[in-house]
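Worksheet for the structure shown next.
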Amino acid sequence: MRSRKPKPQEPTATATVAFHEAGHALASVLAFRAIGSGRRAIKYVEIGEGEMPAGQWSGSCHGPDIYSPAWPVARIALQDRRKMEWQIVIDLAGPIAEAVARGERRKKHVGAFALFNCGSSEDFSHAGKVIADLCALTKRRQAFLRFEQRALAVVLAHWPTVSMLAAALIEAGRLDGDQVEQIVTAAVRRPR
């Protein structure tokens, strides 16, 4: 008789939401640093148990957009390309981090898993709007899969940081921007 591999334990609802929001928060901090904005990437990030339906956990990550499809089309310029690409990564890093926490790490499957299992339709919708603007700007098609894989690479490269942010969110329920920055800075400086 063959022994079966034990299935990875499904994280609690609290943990999955915490990993989701930690993914957005990490990507935001890294993006703002990469573009040299000088602005604070996160105002606050929080998780909590909702009232309807009872027991349903949700979260949110608040901060300025690096790029928004709501901005006037006339304002879009070629120098905004990096901002657009980072905004897509920020949008996808949350559901991708949740998918990784739930055991899905395969490059070609993580995006679909995140879309269908991680309550991320709003994240994917926003990313799709930014991709549409990026296509209009570059006059080239842009593959969603490329950005899913880029978000996965960011999340996996900084998985200890995502885990630290998620643990802090589970403990506190809410982190302000300074707390997020401190966790990311401390984790990024730490040798592996």
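Derivation of every value follows stated rules applied to the coordinates shown; laboratory data play no part. The structure presented is a predicted model; accordingly, all values stated were derived computationally and were not measured. Neighbour counts are summed over all protein chains in view; Cβ atoms, including those assigned to glycine, are modelled from backbone coordinates with ideal geometry.
Please compute the contact order of the chain in relative form: average sequence separation of alpha-carbon pairs under 8 Å and at least six residues apart, divided by the residue count, as a percent.
On the way: 278 pairs, mean separation 57.8, N = 192.
Relative contact order, the chain: 30 percent.
Sticking with the crude label model, points 7 Å out along Cα→Cβ, report the distance from ASP176 to VAL188 in nm, one decimal please.
Inter-label distance under the simple model: 2.1 nm.
Counting other beta carbons within 10 Å of each residue's own, what order do VAL73, VAL89 fall into, fewest first? Show your work: numbers first, answer last.
Working: VAL73 9, VAL89 28.
Listed from fewest to most nearby Cβ atoms, that is VAL73, VAL89.
Counting alpha carbon pairs within less than 8 Å and at least 6 residues apart, what relative contact order, in whole percent, applies to segment 14-115?
Numbers: 128 pairs, mean separation 35.0, N = 102.
About 34 percent, as a whole number.
Show me the helices of the chain, taken as full DSSP H stretches, that run 27 Å or more along their long axis by Cα and average 0.5 or above in Kyte-Doolittle hydropathy. Display every interim value, and only then the final one.
Details: long enough: 13-35 (34 Å, 1.02); 81-101 (30 Å, 0.24).
Correct list, ordered by number: 13-35.
May I ask you to sort THR14, THR138 by Cβ crowding, counting other Cβ atoms within 10 Å and putting the fewest first? Let's see the in-between values first.
Details: THR14 17, THR138 12.
Fewest to most other Cβ atoms nearby, the residues stand as THR138, THR14.
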